[in-house]
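The values are calculated or read from the model by the stated rules, or taken from the named source; none is laboratory data. Model, not experiment: these values are computed from the prediction. Cβ placement follows ideal geometry from the backbone for every residue including glycine, while neighbour counts extend to all protein chains displayed. These accessible areas exclude ligands, DNA and RNA; they are computed on the full protein's heavy atoms, side chains included. Shrake-Rupley method; radii C 1.70, N 1.55, O 1.52, S 1.80 Å.
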Amino acid sequence: MKTTIVIADDHELVGKSISALLRDEPNFDVIGECNNGRDLLCMVERLRPNVAIVDVAMPEMNGLEAALRLRDIGGMTRVIMLTSYTDEGYLQAALEARVAGYIVKSGAADDLIRAIHVGTRRNAYFSPEVAGVADRLRSGRPGFGRAAHSDSRKLSPREREVLQLIGEGNSMVEIAARLGIRDSTVKDHRKHIKEKLGIHRTAELTRYAISIGMIRAEPPEIREAD
């Protein structure tokens, strides 16, 4: 029986390249592709794949948040993060989501294939670039770079959704429409997010979302303000 796989990456060229790579493997079957975490959740629920290959930084809902949701939902789909981030904080968040693999995009293509084989055996595989840090984190030994990600865990899943949408530049009205809630509810979420994170200005929420990899630092006005 073939291993069924879905891919979530907001760069179409990257997603297509991964799909082509995996389709060359006789025991793999790529059954779906999408470009954000929200669509990934729907796709997993509908298709029930064995494995989900997930980018970290994606619009609307990032890969780490999607992995956390899939962990809480349960089910048999194993999540493998495919990312350019090697910072300890991202690894810690991935471990909390109980991912089956964490693969660095700059590494060998064989790493991804190996991670799929290992992950479907209910184990976890980490690229050589991050394996040592992952082992240390799993053993509970202290390290650096985890504070911001730990702070984000204070937020509820809905608050993290709102934070990402704020960071992407959406207005309160746009966020309300996207999530199907009232404008006043969005404002309440924003207030609670600021209180929990100790942040006072909305612009600082954007910088915080960038600092933990929730969104990419692409808008030029944000880079100039830092």
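Just a few scattered comments:
- Degrees separating the helix 109-119 axis from the principal Cα axis of the chain, which is the longest one: 90
- Against the chain, whose longest principal axis comes from its Cα atoms, helix 128-139 is set at around 70 degrees.
- Cα-only Debye scattering, segment 7-62: base-10 log of I(q)/I(0) at q = 0.12, 0.14, 0.19 Å⁻¹: -0.25, -0.34, -0.61
- Sulfur and carbon atoms: percent of accessible area, the chain [1.4 Å]: 49
- Annotation for segment 62-121: trypsin sites (Lys or Arg not before Pro) lying in DSSP loop with at most 14 further Cβ atoms inside 10 Å of their Cβ are Arg98, Arg121.
- Computed label-point distance, nm, for sites Val14 and Ile31 using a 7 Å Cα→Cβ extension: 2.5
- Residues Leu21 and Ala177, FRET efficiency given R0 of 35 Å [Cβ-Cβ distance, rounded to 0.05]: 0.40
- Cut-off under 5 Å, modelled amide H: who pairs with Leu82 long-range: Val54, Asp55, Val56, Ile103
- FRET efficiency for Thr185 and Ser84, using Cβ-Cβ distance with R0 set to 41 Å, rounded to 0.05: 0.75
- Summarising the label geometry, the points placed 7 Å from Cα in the beta-carbon direction at Lys154 and Arg136 lie 2.6 nm from one another.
- Computed over the chain: relative contact order in percent, which uses C-alpha pairs under 8 Å that are six or more apart: 15
- Per residue, in Å², the accessible surface of the chain once ligands and nucleic acids are set aside, probe 1.4 Å: 49
- Distance in nm between pseudo-label sites at Arg98 and Glu45 (7 Å out along the Cβ direction from Cα): 2.0
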